[in-house]
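Notes to accompany the following structure.
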Amino acid sequence: MGKKAQAGGSDRLKKGLWPKIRRNGGLYIFLAPTLLYFIIFNVAPIYGLQIAFREFKPFKGITGSPWVGMKYIEKFITSYSFWSLLKNTLALSLYCLIITLPLALLLAVVLKYLPFKRFGRLLQTVSYMPHFISMVVLVGMLKVFLLPGSGIVNVFLGTSIDFMGDPNCFPHLYAWTRVWSHLGYNAIIFIAGLTGVSEELHEAAIMDGANKLQRIIHVDMPSVVPMLIILLIMESGNLLNVGFEKAFLMQNATNLGVSEIISTYVYKMGLLSTQYSYAAAIGLFNNVINCLILILANRVARKTTDSSLW
């Protein structure tokens, strides 16, 4: 009976799957580069994760290195820098999340209701352009603008403040430069959502005497709230993955107490200190926590709203 069931399943697979693949062979050829990319750069490297549980010795290779289990994950959790790294990472991530998405939504609403459409297109282009500036160039510009004494900001204020070296300024500089560089790009999805709102709903609201603000609140917002929830769920999955490049480039000896985050610490432990197993264990711990936060956020969203990833 079992053999018959297996044979039947195999026959259905042959009748259903392979004819479809043959019929759509051209589409699968177009899909192949993307699949290869993910296999090479996302699936294959999973094999190397085992060095997080080994005392990795490069000359012995991955499988030849001795197994140490959870030693390095426990070492990180019990280290004196664990809570500081976690606090700095969460603080920067939540700060960026709280201001980035609402401001992107606000920009989308402004662009939709701006009476001067030509100016609106110009504003959208100008807000979108900083997304293409290299992170190295962006931080270089920031350092030049904020130079003590001779920087344009200090000249304008008539002061000589070392903004880049002030630990209290670092979170604000990091978050608001992120807003500047990603605002237009993040607004695109909200612009698309607002464009899809039926004009008949707006006409009905106008006939009922609704002003522009009431139309935004009662017509536009309900259409983008599900989109906003999905974006929040996706961002929660990257809560501990604060951008390495900008944090590392903005670091210096005076702001290190607030600028040292998990990703920069992994870089220093892995590549500078050659503690490969320790760095891999920290990275694995970071990704597991992100995955758990994503699952939790999705479950909360599914129970409290009608929107969720799955």
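The values are calculated or read from the model by the stated rules, or taken from the named source; none is laboratory data. This one's a predicted model, so the numbers in the text were calculated from it and none came from an experiment. Here Cβ is always computed from backbone atoms with ideal geometry, including for glycine, and neighbour counts include all displayed protein chains.
Given the conditions (1) exposed (fewer than 14 other Cβ atoms within 10 Å of the Cβ); (2) within 26 Å of residue 47 (Cα to Cα), and given that residue 262 satisfies all but one, which numbered condition is not satisfied?
That leaves (1) as the condition not met.
Given the criteria touching a Lys or Arg at 6+ places or on another chain (Cβ under 8 Å) and among the small types (Gly, Ala, Ser), does residue 263 qualify? Spell out the reasoning first.
Details: touching a Lys or Arg at 6+ places or on another chain (Cβ under 8 Å): no; among the small types (Gly, Ala, Ser): yes.
It is false that residue 263 is touching a Lys or Arg at 6+ places or on another chain (Cβ under 8 Å) and among the small types (Gly, Ala, Ser).
Yes or no: segment 205-219 includes at least one residue that is touching a Gly at 6+ places or on another chain (Cβ under 7 Å) and modelled with pLDDT of 85 or more. Steps first, please.
Of all residues in segment 205-219, those touching a Gly at 6+ places or on another chain (Cβ under 7 Å) come to none.
Within segment 205-219 (the criterion being touching a Gly at 6+ places or on another chain (Cβ under 7 Å) and modelled with pLDDT of 85 or more), the answer is no, since none of the residues qualifies.
Only one of (1) among the β-branched types (Val, Ile, Thr); (2) in contact with a Gly (Cβ under 6 Å, 6 or more places away or on another chain); (3) not in a helix (DSSP H, G or I) is not met by residue 224, so which one is it?
Of everything listed in (1) among the β-branched types (Val, Ile, Thr); (2) in contact with a Gly (Cβ under 6 Å, 6 or more places away or on another chain); (3) not in a helix (DSSP H, G or I), residue 224 misses just condition (3).
Do the conditions hold for residue 102, that is, is it surrounded by 13 or more Cβ atoms within 10 Å (Cβ to Cβ) and assigned to a helix (DSSP H, G or I)?
Values: surrounded by 13 or more Cβ atoms within 10 Å (Cβ to Cβ): no; assigned to a helix (DSSP H, G or I): yes.
In short, no.
Identify, from the list 89, 78, the residue that is among the polar types (S, T, N, Q) and without any contact (Cβ under 8 Å) to a residue 40 or more places away in the chain. I'd like the intermediate steps shown before the answer.
Values: 89 fails: without any contact (Cβ under 8 Å) to a residue 40 or more places away in the chain.
Just a single option satisfies the conditions, and that option is 78.
Name the one entry in 137, 179, 153 that is part of a helix (DSSP H, G or I), more than 25 Å from the chain's Cα centre (by Cα) and β-branched (Val, Ile, Thr). Steps first, please.
Values: 137 fails: more than 25 Å from the chain's Cα centre (by Cα); 179 fails: more than 25 Å from the chain's Cα centre (by Cα).
Checking each option against the conditions leaves just 153.
Across segment 231-251, what is the number of residues that are of a type outside the set (A, V, I, L, M, F, W, C) and closer than 13 Å to residue 174 by Cβ? Lay out the reasoning, then the answer.
Of the residues in segment 231-251, the ones of a type outside the set (A, V, I, L, M, F, W, C) are 235-238, 241, 243, 245-246, 251.
This time we only want the ones that are closer than 13 Å to residue 174 by Cβ, so: 243, 245-246, 251.
Total meeting the criteria: 4.
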